[in-house]
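Worksheet: the structure to be examined is printed underneath.
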Amino acid sequence: GPGQAEMYAGLQELGVANGEDLKETLTNCTEPLKAIEQFQTENGVLLPSLQYALPFLDLHGTPRLEFHQSVFDELREKLLERVSAIALEGKVEERYKKLEDLLEKSFSLVKMPSIQPVVMCVMKHLPKVPEKKLKLVMADKDLYKACAVEVKRQIWQDNQALFGDEVSPLLKQYILEKENILFSNDISFLQNFFSPSPKTRRQGEVVQKLTQMIGKNVKLYDMVLQFLRTLFLRTRNVHYCTLRAELLMSLHDLEISEICTVDPCHKFTWCLDACIREKFVDNKRARELQGFLDGVKKGQEQVLGDLSMILCDPFAINTLALSTIRHLQDLVGQDTLPRESPDLLLLLRMLSLGQGAWDMIDSQVFKEPKL
């Protein structure tokens, strides 16, 4: 069929005989058996010692195909190991030269199931796959599917729509999982909604998949944040805020500094995460959080939009609310007025920032609401 022809077409470019060549040989010869023998000699495994071994295998009834297949599999394994090793050796500027050459040679065979893993492995180890090859992969559903995530990232970062198609079902799944708990008839589910630690929550399937899709790619991280802001605006669904914080902290757990150092919310979220874990904002952390809020510089107020989203996460709100109640109880015990407690004012300031998240992002007016 045409699929077969396409699959093996690359062999001719490399000067390797394929089925068409054999057909041609057999059509134009007088002695087919001699021609077949000739073809086998020219295109078989070229090892002198094999001349004696093959007839021996024939006596044992081992088909030639089986023999060639096992040699082939063995060689492919060795080649895959070698590709991974080449990606780590030599001077950095020359490191990928061999792999680029190998990709140039092998790419025409990318449709051959037996060779495809090698081509995919070479691409996976190239930090920059040539644009032309990426386009060919993108245009072919099966090839795109077979690609390593390292290659897909290179495709996604310049194709927001395609990346959106991949991320969208995950975001839907995330919201559904949250709502299934909240809308379930099982009261114990509801009572336990806030009990898992933040670290446990980040192990969830969606967060892990997104983390893996983003890797260390700041551009993809920014795209996901953009999707989350847009969806939060469109739906007012606060679970997108939870995911915003969980994603950042999942990258933090993996120590992906490439992203954590450029997200201006990182230190604030990290500190708040510790409070959520303890289900309480203690004095030391309160001072830290206040420092971050007071430290928002002129001209960078937009950061407040993201901070408000992180404070709008129900797990953050729950922690701030619990801490507020505890503070009020302490104040009653000390006969002190609420307005005289700087700690309480900070908690209320953060609560109102979180509650105002939607309005702030919607209006694009980035200033804290008056208490």
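Select from region 76-108 the residues that are farther than 15 Å from residue 119 by Cβ and hydrophobic (A, V, I, L, M, F, W, C) and write down the one among them that is least open to solvent (accessible area, probe 1.4 Å).
Filtering region 76-108 for residues that are farther than 15 Å from residue 119 by Cβ and hydrophobic (A, V, I, L, M, F, W, C), the one least open to solvent (accessible area, probe 1.4 Å) comes out as 85.
So is residue 178 assigned by the TED database to the domain that holds residue 246 and open to solvent by less than 90 Å² (accessible area, probe 1.4 Å) or not?
Judged against the criteria, residue 178 is a match.
Tell me which residues, restricted to region 198-217, are part of a helix (DSSP H, G or I), surrounded by 16 or more Cβ atoms within 10 Å (Cβ to Cβ) and touching a Ser or Thr at 6+ places or on another chain (Cβ under 9 Å).
Result: 201, 207, 210, 211.
When the residues of region 326-371 are narrowed to those that are open to solvent by 80 Å² or more (accessible area, probe 1.4 Å) and of a type in the set (S, T, N, Q), which ends up farthest from residue 278 (Cα to Cα)?
364
Output the residues belonging to region 242-291 that are under 28 Å from the mean Cα position of the chain (by Cα) and of a type in the set (S, T, N, Q).
242, 250, 257, 261, 269
One line per residue, one yes/no per condition, for (1) in a helix (DSSP H, G or I); (2) touching a helix residue (DSSP H, G or I) at 6+ places or on another chain (Cβ under 8 Å); (3) modelled with pLDDT under 90:
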residue: 98; (1), (2), (3): yes, yes, yes
residue: 106; (1), (2), (3): yes, yes, yes
residue: 114; (1), (2), (3): no, yes, yes
residue: 117; (1), (2), (3): yes, yes, no
residue: 120; (1), (2), (3): yes, yes, no
residue: 123; (1), (2), (3): yes, yes, no
residue: 128; (1), (2), (3): no, yes, no
residue: 133; (1), (2), (3): yes, yes, no
residue: 136; (1), (2), (3): yes, yes, no
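Would you mind telling me which numbered condition in (1) under 20 Å from residue 156 (Cα atoms); (2) open to solvent by 40 Å² or more (accessible area, probe 1.4 Å); (3) in contact with a helix residue (DSSP H, G or I) (Cβ under 6 Å, 6 or more places away or on another chain); (4) in a helix (DSSP H, G or I) residue 220 fails?
(2)
The values are calculated or read from the model by the stated rules, or taken from the named source; none is laboratory data. Just so it is clear, the model here is predicted, and its values are computed rather than measured. Here the Cβ is made from the backbone with ideal geometry for all residues, glycine too, and neighbour counts use every protein chain on show. Just the protein is used for accessible areas: all its heavy atoms, side chains included, with ligands, DNA and RNA removed. Shrake-Rupley method; radii C 1.70, N 1.55, O 1.52, S 1.80 Å.
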